[in-house]
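What follows is a single structure, written as structure tokens, with notes after it.
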Amino acid sequence: MLRISTDHWLLALRTVLAVWLALFLSLRLDLYQPAWAILAVMIVTLQPVMFTGGTPPIGIIIGRSIARFFGTLFGAVAGLVLIALFGQQPMLYLLFAGAWLAFCMYWVMLEQDEYWGYVMMLSGYTATLVSLTALGTGVDDIWTIAQARFTETALGIGCGLLMHVLIAPRFGSRDLPGALSTLLSDAADDTLAALDAQRPHETRAQHLKALLSRHQRFEKSRGLTRLETRRLSHFIPALDRFASDSLALITAIRELEVALDYLRECDDGDRWLAHLREDSVAWLRAVTEHHEAAPEGRPTLTPFAWDTHAVAPRSRVRAELVRQRLGEVLGLLQHGRQLRHALEKPASSRVHSLPRRRRSRATHNEHFVARYNALRVFVAFELLGQFWIHSGWQSGYLAMMLLGVFTMLFAKAPNPAAVVYQFLWGTLAAVTLGGILLFLIFPIISGFPLLAIAIGIPVMIGTLLTTRPRWAAMGLSGAVTLMTLLNLHSTYTFSPATYINGGVASIIGTTTAMLTYSLMRQRSPAERIRTLMGAYWQGLARLMRETSLPNRARLESRLYDRLGRIVALGGSDDNVREAVDLHALALCVWRIRRLREALGPHRADIEDWLDDIGARLTAHQHHAPAVWEQLSDQARAWVDTLYHEPKIPVATVGEMAMLGHLMRTAPGAGLEAQKDTSTPPTDTHREEAPHAG
């Protein structure tokens with residue numbers, strides 16, 4: 001027996017009440033098409049449900065409502081312009097309307113901000129909805145249609161938002177302190193395990209991936225803060241800063257593990273490690289066990305007091321490298337503890353020590369993916385439009401409308417054809433249910449209460465279906481198609497031919513979207529990873545060659561953006577470990593270039609060596625482990641040479657040693673060699689990007 005949770009019942013209640021309120025106000029105000037207001041309620045409420053499986057936090061509803069408002073406004077204006085310029089020239093209309101869709105799709109695929117992407121998505125298909133409705137029902141009514149579309153969408157947005165605020169609202173930002181505590185606790189625990197050598201090498205990648213999932217939970221809660229509460233608004237710059245620092249923390253822990261492995265190979269490695277453990281273990285355990293305690297100053301790692309003649313250079317370099325990486329981990333953890341305490345006690349004097357300026361963000365845009373998606377939506381729109389125009393099919397504009405909507409909605413899904421296939425079944429069900437409502441139920445009812453009940457029952461069924469992964473797309477598509485076909489201003493008009501024509505058009509539009517995704521397939525995850533890897537090697541080569549170094553914060557932001565993409569495309573434990581190693585490798589090169597003045601007489605030769613490595617990395621698409629071992633041996637040879645240069649700082653030699661250690665792990669070789677061996681499951685829309693839809 002299928003159980004329905006309380007959360008899902010509350011979600012259905014909010015949705016039905018919002019639909020009733022939107023329907024009542026639309027009829028009371030005598031708006032153009034009340035079904036559009038209902039459709040706005042359903043989309044604002046149910047689209048986030050497809051990706052969360054339950055009631056979304058109020059911040060997501062607020063963000064999408066605002067984005068939908070402005071997206072509909074911009075789209076309505078664009079639809080007016082299209083009809084004003086090309087309303088009497090169908091071929092030119094098809095060309096420029098398809099170009100607008102393609103432009104918006106290109107922006108959606110590149111835009112990293114969830115809500116700006118949603119604005120552009122709405123702008124794209126709202127323009128076609130407005131202009132195509134005008135072409136199908138009469139160009140003379142274009143101003144009325146555009147105004148009605150915007151007014152009724154705004155009304156539906158307001159009704160849906162109101163019910164989510166009034167009835168048991170969920171605040172995702174309330175999880176922020178707990179998410180931050182868990183991230184810091186797990187990071188401190190991983191650091192302790194590295195110092196104590198508690199975990200075998202085989203499980204490190206698994207723990208690294210778990211730590212990354214803690215970061216993603218923190219990121220999700222952080223993103224809702226600015227929308228849900230004003231109490232924490234002055235913490236947003238510090239939260240943005242720590243979002244980057246928490247990823248730097250993951251890389252620093254990985255580098256610390258590598259440095260510790262090589263320090264333990266030294267005969268006297270345990271002796272120097274004991275000094276570091278004495279300074280840091282107690283503090284790390286406090287971070288792990290006492291989440292809410294006021295942060296004390298981070299421990300000071302005492303500089304090593306050694307006799308340079310008695311201690312081997314290799315031991316000194318490796319011990320100093322561990323000390324540097326451990327100090328970096330402790331500093332990042334301290335930053336997180338200060339932020340955690342400030343969130344709990346905003347009046348604390350420690351709040352003034354938090355960053356007040358946001359860190360600049362740099363992204364790695366996959367232009368090839370954006371171009372391909374723009375091309376396929378343009379091609380599909382043009383081909384179906386040609387069929388519509390030359391066949392003289394009166395209801396063909398409905399097929400064009402649904403094609404534009406469905407090709408935009410799920411472009412970022414791993415397997416959009418499978419999602420649209422579910423939408424096809426939902427469309428078939430909606431056409432059947434709509435016919436029953438129009439021709440069997442509406443003629444025998446009178447008055448608003450009975451109309452509300454007749455509409456509320458399918459709305460509740462669609463809402464409950466959307467919470468189930470297997471039926472989510474059917475629930476939402478049923479709502480979209482049903483509201484597209486119903487004319488609630490003329491509920492008693494018996495015109496089965498018109499309805500059947502519109503139903504067939506809806507099915508053809510959905511089928512065309514599915515065929516578009518099936519025939520023009522996106523690049524596979526493995527192909528996208530290899531393209532990302534190629535861009536990484538080019539960026540690393542520039543870092544090894546250019547005289548002026550990029551800002552570290554900007555470099556980290558760009559690197560970690562690529563890390564997120566690689567993990568999303570192939571998030572196995574080994575892939576996560578390799579991605580982190582790649583970013584540690586780039587940061588290590590950046591440190592060596594920054595310290596190049598300390599290389600003394602070897603500076604020119606080492607820079608030529610790095611330049612040669614960059615050229616070798618970009619010259620080939622695949623880099624075998626044997627190539628990395630050769631490069632690692634060369635780095636170790638440089639370290640052996642620098643051991644005997646007393647004027648070169650130990651820290652500089654340590655960075656060269658770390659570069660050799662990271663090369664020994666053959667970063668990226670597994671990512672470049674992987675192949676697609678499986679097809680994404682049918683309900684892959686659960687993993688879709690947050691703003692898709």
**Request:** Specify which residue in the list Ala35, Ala99, Met658 is farthest towards the positive end of the charge dipole of the chain, using unit charges on the beta carbon of Lys, Arg (+1) and Asp, Glu (-1), about the Cα centre.
**Result:** Ala35
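Nearest 0.05, what FRET efficiency do Leu383 and Ala84 give at R0 = 22 Å with Cβ-Cβ as r?
0.30
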**Item:** Of Ala505, Gly158, Leu428, farthest towards positive along the dipole that unit charges on Lys, Arg, Asp, Glu beta carbons give the chain
**Value:** Gly158
**Request:** Please find the FRET efficiency linking Asp640 to Asp270, where r is the Cβ-Cβ separation and R0 is fixed at 22 Å, and quote it to the nearest 0.05.
**Result:** 0.45
**Item:** Segment Arg521-Thr300, length gained on full extension (0.36 nm per residue, minus Cα span)
**Value:** 74.0 nm
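Given 10 °C and 1.306 mPa s, compute D for the chain with the Stokes-Einstein relation, Rh being the Kirkwood radius over Cα pairs; round to the nearest whole µm²/s.
Here the translational diffusion coefficient equals 57 µm²/s.
Out of region 493-551, which chymotrypsin sites (Phe, Trp or Tyr not before Pro) are coil in DSSP terms and have no more than 15 other C-beta atoms within 10 Å? Numbers along the way, then the final one.
Working: sites: Phe494, Tyr499, Tyr517, Tyr536, Trp537; in loops: Phe494.
Sites meeting the loop and neighbour criteria: Phe494.
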**Request:** Starting from the Cα of Lys412, draw a straight line to each of the aspartates and glutamates and keep only those under 17 Å, dropping any in the same chain fewer than 8 residues away.
**Result:** Glu111, Asp113, Glu114, Glu366, Glu527, Asp561, Asp683, Glu687, Glu688
**Request:** Show me 225-235, 296-306, 205-215 ranked by packing, highest mean number of other Cβ atoms within 10 Å first.
**Result:** 205-215, 225-235, 296-306
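Can you work out the FRET efficiency for the pair Thr203 and Ala553, with r the C-beta to C-beta distance and R0 = 41 Å, to the nearest 0.05? Mind dumping the intermediate values first?
Details: r = 32 Å, r/R0 = 0.78.
With R0 = 41 Å, the Cβ-Cβ based efficiency is 0.80.
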**Distance between modelled label sites at Thr308 and Thr531, nm, 7 Å Cα→Cβ extension** = 5.2 nm
**Message:** On a straight-distance basis, which aspartates and glutamates could pair with Lys345 in a cross-link, Cα separation under 16 angstrom, same-chain partners fewer than 8 positions away excluded?
**Reply:** Asp175, Glu292, Glu296
**Asked** Label Glu344 and Val77 with points 7 Å out from Cα along Cα→Cβ: what is the distance between them in nm?
**Response** 4.8 nm
**Message:** Give me the dipole magnitude in Debye, nearest 20, for region 525-673 about the Cα centre, with unit charges on the beta carbon: positive for Lys and Arg, negative for Asp and Glu.
**Reply:** 520 debye
**Message:** Run the reach check for Lys647 against aspartates and glutamates, Cα to Cα strictly under 19 Å, same-chain hits fewer than 8 apart removed. What comes back?
**Reply:** Asp307, Glu320, Glu597, Asp605, Glu607, Glu655
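Taking the Cα centre of the chain as origin and charging only Cβ (+1 Lys, Arg; -1 Asp, Glu), how large is the dipole, in debye to the nearest 20? Present the calculation step by step, with values, prior to reporting the outcome.
Working: 67 positive and 60 negative charges, 253 e Å.
Charge dipole, the chain, about its Cα centre: 1220 debye, nearest 20.
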**Residue among Leu10, Leu383, Met408 farthest towards the positive dipole end of the chain, charges placed on Cβ** = Leu10
**Request:** Describe numerically, in nm with one decimal, the distance between label points set 7 Å from Cα along Cα→Cβ at Asp608 and at Ile445.
**Result:** 8.5 nm
**Prompt:** Say a paramagnetic label sat at a point 7 Å from the Cα of Thr432, along Cα to Cβ; which residues of region 400-416 have their backbone N under 13 Å from it?
**Reply:** none
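No value in this document is a laboratory result; all are computed from the given coordinates. Note that this is a predicted model, so its numbers are computed, not measured. As a convention, Cβ positions derive from the backbone with ideal geometry for all residues, glycine included, and neighbour counts pool all protein chains shown.
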